[in-house]
Amino acid sequence: MNNSGDNGVKLERPRLTFKEKVGYGLGDMASNLYFQTFVLFLPIFYTDVFGIPAAAMGTMMLVTRVWDAVTDPVMGMIADRTQTRWGKFRPYIISFAIPLAVGGVLVFSTPDLGDSGKLIYAYATYMLLMMLYTAINVPYSALMGVITPNSMERTEVSSFRFVAAFGGQVIVGAATLGLVEYLGGGDETLGWQMTMVAYGALAVALLFATFYLTKERVSPKKEVRNKPSADLKDLFMNKPWVLVGLATLFQLTYIVMRGSSTTYYFRYFVGDQQLNLLGWNIDLTYALFTSSFITAGTIATLIGAVLTKYFTKLLDKKFVYSGFLLSSAAFSCAFFFLEPDNVVLMYVLNVLVSFFFGSVSVLQWAIYTDAADYGEWKFGRRATALIMAASLFMLKLGLTFGGAITGWMLEFHNFVPLAEQSEYTITGIKLLMSVYPAIFGFIGGAIMLFYPLRDVTMVKIEEDLLARKEKAGQES
């Protein structure tokens, strides 16, 4: 491909060091120690450990997003206007690392406050934790847009990010239930609290590493002072962002519903099973079966993420995103037809669902930074952090809908915590693991078919932006 545009300006391809790519990725490993815990274990912690009704838990997750609707874009606009000798975004990563760890411990603590008091405590601590999560992840996500100006390089950085993210997911999926048992010594409430202490300490170390190993290189022209109203208008006039934002909403609702349902699926439908592997009989308890199932899926997701750059050499990013999300949702539907003793099929289908989702996870963030470039090219103003804040809000909205719908559907199907479930409830749990979430996956995949930015379009946009910056530099 020719790297020079019609204007005669050569498009530079700056290369980031391996150390910086890894350093950036470690930040998402830290975030996923929390995000994956939210997805997989927070619903069942609230219903089976803390004793909050499923429907109340679902409503709480929805209501708290109203506050996020304010904090996410506000954090983005604050970060875009920050100027320090360490950059615009990196200072927030190191400043809020320890408060995030403290917030995680508070959410998974279980004070004896009575039914109403428990619900108020859950609302307050969950909102606090999500605010702290926002304070780190909006600047962190925006950081990828300013460590290099090159779209294809950002796709590679995104791969490093998600390899590290899936490392965090492996830790959570494989170790959490075992840590709860070990650190709690049979006391499940203490086990959850101490597990979050351990995850918090690890997250702080990882976020500090991200701060020290990365550097910000891209910034808007110094004379540009964007008004918040102009930034917001540009955001909603940015068609590529609107489409990928909607796709993210449905994509996250899909994967969060599956993740949140997994623990219920294995505790109440599958139960303890025995796996015959090459003549060896392996006893799979609920904890072991759930952990190994999640871990196998996470490894498959990681493989899909690593292979993303090869898929995008064969197909445009939008088609990889759309086609793989549709494929993942299709395989998810098959879970409805499984019986509790179909152990091998459960692993196989989960590997397929997760493998196809791996590339989707990588590409969504690379596509968001493309949308930020498009916004600067189209409107003459760059608001990377606002783009990422709005994108993170759509991601958390998907997290919210996924958790809320899971709680509501459990209540609809008459779920009773820590009890033998009726056939109607078991059918509902099976649907929550298969068809219900797949509906949202199909919608998200279909939306991305209308995404307008092809890879060749992004090369032209990069060339135009570089030409403008060089012309501005000559005139100053």
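The values are calculated or read from the model by the stated rules, or taken from the named source; none is laboratory data. Since the structure is predicted, the reported quantities are computational estimates derived from the model, not experimental observations. Here the Cβ is made from the backbone with ideal geometry for all residues, glycine too, and neighbour counts use every protein chain on show. SASA here: full protein model, heavy atoms, side chains in, ligands and nucleic acids out. Shrake-Rupley method; radii C 1.70, N 1.55, O 1.52, S 1.80 Å.
Some observations on this one:
- Positions within the stretch 376-389 being in a helix (DSSP H, G or I) and open to solvent by 10 Å² or more (accessible area, probe 1.4 Å), in sequence order: Glu376, Trp377, Lys378, Phe379, Ile387
- Test result for Phe336, out of contact with any Gly (no Cβ under 6 Å at 6 or more places or on another chain), closer than 23 Å to Pro43 by Cα and either part of a helix (DSSP H, G or I) or not charged (D, E, K, R) (or both): yes
- Sole residue being open to solvent by 10 Å² or more (accessible area, probe 1.4 Å), touching a Ser or Thr at 6+ places or on another chain (Cβ under 9 Å), within 29 Å of Gly167 (Cβ to Cβ) and of a type in the set (S, T, N, Q), chosen from Ser354, Ser359: Ser354
- Pairs linking a residue in the stretch 193-220 that is within 14 Å of Ile98 (Cα to Cα) and touching a residue at least 24 places away in the same chain (Cβ under 8 Å) to a residue that is open to solvent by 50 Å² or more (accessible area, probe 1.4 Å) and β-branched (Val, Ile, Thr), with Cβ atoms under 6 Å and 6 or more positions apart or on different chains, are Val204/Ile98.
Results for (1) out of contact with any helix residue (DSSP H, G or I) (no Cβ under 6 Å at 6 or more places or on another chain); (2) open to solvent by less than 40 Å² (accessible area, probe 1.4 Å); (3) not acidic (Asp, Glu), shown as yes or no for each residue.
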| position | (1), (2), (3) |
| --- | --- |
| Pro53 | yes, no, yes |
| Leu62 | no, no, yes |
| Pro73 | no, yes, yes |
| Thr82 | yes, yes, yes |
| Gly87 | yes, yes, yes |
| Pro91 | yes, yes, yes |
| Pro99 | no, no, yes |
| Asp112 | yes, no, no |
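- Looking only at the stretch 244-303, and only at residues there that are polar (S, T, N, Q) and open to solvent by 20 Å² or more (accessible area, probe 1.4 Å), the one that is modelled with the highest pLDDT: Thr295
- In the condition set (1) acidic (Asp, Glu); (2) modelled with pLDDT under 90; (3) not in a loop (DSSP other than H, G, I, E, B), Asp112 is compliant with all but (3).
- Answer residue from the stretch 405-425, given it is of a type in the set (Val, Ile, Thr) and over 27 Å from Phe356 (Cβ atoms) and is surrounded by the most Cβ atoms within 10 Å (Cβ to Cβ) among those: Thr425
- Cβ pairs under 6 Å, 6+ apart, first in the stretch 267-296 and of a type in the set (Val, Ile, Thr), second open to solvent by 80 Å² or more (accessible area, probe 1.4 Å) and at pLDDT below 80: Thr285/Asp272
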